[in-house]
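Right, one structure below, let's go through it.
Bear in mind that the values in this text are calculations on the coordinates, not laboratory data. These figures come from a predicted structure and were not determined experimentally. Because the Cβ atoms are built from the backbone with ideal geometry, glycine has one as well, and the counts that use them run over all protein chains shown.
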Amino acid sequence: MATATAQREKEAAEFAKLKAESSADLDAVTKAIAAVEKGMAGGFLQTTAASHLRDMSLRMDMSGVDRDMLVSFLSGSSNQANGYAPASAEIVGILKQMKDTMEKDLEELKAQEATAAQDFEGMKAAKEKEIAAATQAIEEKTKRTGEVAVEIVNLKEDLEDTQEDLAKDSKFLADLEKNCVIKAKEWEEIKKMRSEELIAIQDTIKILNDDDALELFKKAVPSASSLLQVEVSTREVAQKAFQILHSGKHRRKNVNIDLISLALRSKKVDMTKVITMIDEMVALSAKQQVEDDAKKEYCLAQIDQTEDKIKEIELSISDLEKVIDETEGTITTLGEEIKVLGEEIVELDKSVASATFQRKEEHEDFVNTRAANNAVVGIIEFAKNRLNKFYNPKLYKPPPKRELSEEERITLNMGGTLAPTNPPGGIAGTGISLAQADTDDVQQDDDQDAPAPPPETPGAYKKKGEESGGVIAMMDMMKADVEKETQELEFQEKDSQEEYEEMMADASAKRAANTKSIDEKSGVKAELEAQLITSKDDKLAAGKELMATKQYLGEVHDDCDWLLENYDARKEARANEVEAMKKAKAVLAGADYSLVQTSRRLTLQRS
């Protein structure tokens, strides 16, 4: 744009200069026409406009006759001295013709300037549009770069957090597997000891429930009935705790509660262990609820972030599609413009070739005609000189003396003779005189028997000077006509050649401008095609990213939907379970206390 602007300013300055000169010339011619038409030519010749017009008469293209007449009019002094003034009508005609030519040239100059200014504005608008598009693309890509950088940082933090969670989970899994092995061994030992304990208890109960043993206890130990009553109360407490645990409206399947229920339904209930199990279950439920709360918050955050990211990617894809459509449209337009410019160049080349062929033919005709006219003038001059030799010897111009060569001079100096010179050929160089032609025309009649009487003898010969003057004047008129025709042909040839050269210059400039425009548009088209490929690659990458993000969102839904849908129900059920376990613990704690008191009383009685 800077180069084009400098060139445009230079062209505008040249146009302003040429316009000012043309306006000054037109002003001078206009004033001259007005002065001549009003009969004030004498006053006009004293003005600066007349001086300007004199300069114009010397540099403008016009016929020699018109220039001589115009110069004679502008000189003024010689005309007044001789008492002669050129015909005003002819001067006005010449001036008006000059004015029409200058006005036409000025209009063409203005049209060229308008065309150049319009082309410059079109190019400037196209360049500004390209700059705006490139600037917008830079801003969008810069913004996208910043967003992607932030997104990368967030993803790296998420990756670090996930890796830390994975390490913790892996460690927890390893510890859990290790503890499970230990607990499994302990559970096997517990089952074994519990079986042995149950066998011992059953054997003890069998012994104690024997009828003979009961009778003996009644006699020996009056408080034995209290021991039985305590056993019945413990069963009732366990049964009540079992009912509390299974009385929830939203009772869900829970292995730990089933274990507590199994322990409560065993024949030998260890209340301390059951209470410990309940405490552990309450703590485990609280922990599970915290985990559910954390996972719910995580799921909601991940779903929200992923959906926002999907919207951003879809918006970016939409923007890229718009950019791709605009770029493809611009590329198509540039291709059509380049095609039109190429067709214009082809047509221009055809026009140049046709004009060149026509100019060659016109020039050949001019050369042949001028040669013929020059030959005619030469013949007339030769004939005129020949007449002057006879009628006007003073005006006769003898042929130039023959210049001898070095050999011929040596021959003459040594007393030799030169070879006769061959007479010149052609019409103008034959040397045949009128007397010879008349002699050739005389015929003798040998067939007559006797000669006729001789005619009357003319008087003394007299040269016909006046008649020869008329012939010579006629030859001069013929020569003047031929020379005038030759001069007109030369002016026409000059005008035609200048028009041809101007047309060739305009065609060359137009072709150069079209070629330059094609190069510029081809460069812009290549850049847009590269930009189009980049935009399509960005769109493809964004599409893959969108697909991966949607897949990740699906995985998040697979992992979180069940929890989100059942969160409230699980929370309520867990709260009911905790409440039931706390009530069962309260019941068991009371039963345990009475059992301890009873055992203490039994111990005191036995002591």
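In order along region 112-122, the phi-based Karplus estimate (6.51 cos²θ - 1.76 cosθ + 1.60, θ = phi - 60°) of 3J(HN,Hα) comes to 4, 5, 5, 5, 5, 5, 5, 4, 5, 5, x Hz; Gly and Pro are listed as x. For region 484-496, the Karplus equation 6.51 cos²θ - 1.76 cosθ + 1.60, evaluated at θ = phi - 60°, returns couplings of 5, 4, 4, 5, 4, 4, 5, 4, 4, 4, 5, 4, 4 Hz by residue, with Gly and Pro reported as x.
Each 10 Å bin from 0 upward holds the following percent of the Cα-Cα pairs of region 512-589: 15, 16, 14, 13, 11, 10, 8, 6, 4, 2, 1. Taken as Cα centroids, region 300-345 and region 532-575 sit 27 Å apart, rounded to the nearest whole angstrom. Applied to region 537-543, the Karplus parametrisation 6.51 cos²θ - 1.76 cosθ + 1.60 on θ = phi - 60° returns per-residue 3J(HN,Hα) values of 5, 4, 5, 4, 5, 5, x Hz, with x for Gly and Pro. Packing, as the average of other Cβ atoms within 10 Å across residues, places the peptides 571-577, 144-150, 546-552 in the order 571-577, 546-552, 144-150, highest first.
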